[in-house]
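Read through the structure below, which is laid out as structure tokens, and then see the notes.
Derivation of every value follows stated rules applied to the coordinates shown; laboratory data play no part. Remember, it's a predicted structure, so these values are computed and weren't measured experimentally. Methodologically, a virtual Cβ is constructed for each residue, glycine included, from the backbone with ideal geometry; neighbour enumeration extends over all protein chains shown.
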């Protein structure tokens with residue numbers, strides 16, 4: 001006997017980096033199981049892969065999830081979570097001042113609709129010299145997964161991966177090997193390279209400022225939460 005099917009509601013939102021409007025549905029029990037298994041494993045790569053797969057399954061509009069920026073992934077997952085589990089997140093937050101005598105943690109509630117992606121003006125085209133520039137794309141989840149805290153070189157790999165093309169007054173250079181772009185970046189001086197790292201330092205991110213009054217000592221405090229993990233402490 002075939003059991004009755006239950007239609008999932010549909011919602012719409014826009015991808016922060018492109019402004020493209022998309023349709024999506026809440027994630028289902030089968031997709032939540034995938035996420036819980038990844039969280040139990042504790043591997044950042046497994047969690048990232050599960051998050052991408054859930055977005056791929058739940059977004060009804062045809063998009064390339066692998067080309068989404070990290071903040072796009074975080075934003076879309078937050079929207080999915082809101083429609084799937086509930087639009088209110090409960091967190092326990094203590095005073096951000098480590099020297100505070102009060103160690104009490106106050107429970108606060110955050111509405112997911114109040115969490116936004118910071119609206120920073122980040123220019124993808126960066127002039128390295130007066131007549132030579134580079135176009136950097138926003139890093140995706142796969143790029144971030146390359147970062148190894150034990151290997152400083154891994155951060156350079158991320159930067160090199162995000163170079164879409166180099167240009168000058170006459171040409172656009174977009175056909176190069178990994179070694180060629182590595183050698184090109186390695187040949188920059190410190191001030192030129194800093195222009196590229198500034199792009200990554202100013203990337204948009206999930207952000208929300210929380211204000212509360214401590215239940216224990218009565219002190220008013222605030223903290224800015226940034227990035228997906230901050231909202232699931």
For 75, 165, order by how many other beta-carbon atoms lie within 10 Å, fewest first:
165, 75
Can you tell me the orientation of helix 190-201 relative to the chain, as the angle in degrees between its alpha-carbon axis and the longest Cα principal axis, to the nearest 10?
20
Of 164, 99, 109, the most mobile residue in a GNM of the chain (C-alpha springs, cutoff 10 Å) is 99
Gyration tensor (Cα) of segment 7-86, equivalent ellipsoid semi-axes in angstrom
20, 16, 10
Angle in degrees between helix 44-58 and the longest Cα principal axis of the chain, rounded to the nearest 10:
80
For 3, 60, order by how many other beta-carbon atoms lie within 10 Å, fewest first
3, 60
Just from the alpha-carbon atoms, what are the Rg and Dmax of the chain in angstroms?
21.1, 72
Between residue 170 and residue 192, Cβ-based FRET efficiency (R0 25 Å, step 0.05) works out to 0.80
Share of Cα-Cα pairs in segment 121-199 beyond 16 Å, whole percent, is 51
Measure off 7 Å from each Cα along the Cα-to-Cβ vector at residue 229 and residue 200, then give the distance between these two points in nanometres to one decimal.
1.6
Among 205, 66, 195, which one shows the highest mean-square fluctuation when the chain is modelled as a Gaussian network with alpha-carbon springs under 10 Å?
195
Least to most buried among 207, 105, by other C-beta atoms within 10 Å and fewest first, runs 105, 207
Yeah, segment 39-81 with a ≥ b ≥ c from its alpha-carbon gyration tensor (a/c under 1.5 is rounded, else prolate when a/b outruns b/c, oblate otherwise) is prolate
Tell me the angle of helix 29-41 to the major Cα principal axis of the chain, expressed in degrees between 0 and 90 and rounded to the nearest ten.
70
